[in-house]
Amino acid sequence: MRGSVAPSKGSAAIFAALGDETRLRLVARLCHSGPMSITRLTAGTDVTRQAITKHLGVMRAAGLVRSTRYGRESVWRLEQKRLEGARHYLEMISRQWDEALDRLRKFVEG
């Protein structure tokens, strides 16, 4: 695509991590409620602590979350800059599509 922008380093890992419904729910919960332990993240769901731990591991590998240990428990928080980077990349793609569709419209309308 003309004027295309290369994805930032790690973009594929971010979008792959966000491509799972459970992980999207975790992102939403962490956005809404702030840092949370795995115990709090599993409360009110039918997802096991073990499954949540695996999902958080994928998200951590993508740079979306980090944990801080407090005694025997880890508290997880979002890495806002990584989410902001993904949002920025999607906005650039959206602008590129808008420009391409505008060129197509002008071509078709003559």
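The values are calculated or read from the model by the stated rules, or taken from the named source; none is laboratory data. Everything numeric here is computed off the predicted structure, so don't read it as measured data. Note that we place each Cβ from the backbone using ideal geometry, even for glycine, and neighbour counts take in every protein chain shown. These area figures cover heavy atoms from the full protein model, side chains too; ligands, DNA and RNA do not enter into them. Shrake-Rupley method; radii C 1.70, N 1.55, O 1.52, S 1.80 Å.
Sparsely packed loop sites in region 39-110 (the trypsin sites (Lys or Arg not before Pro) outside DSSP H, G, I, E and B with at most 10 other Cβ atoms within 10 Å) comprise 72. The largest accessible area among 108, 47 belongs to the first residue in 108, 47, and the rest follow in falling order (1.4 Å probe, all chains). Checking (1) 1.40; (2) 1.57; (3) 1.14 against the coordinates, the calculated Cα Rg over 2.2 N^0.38 Å falls under label (1).
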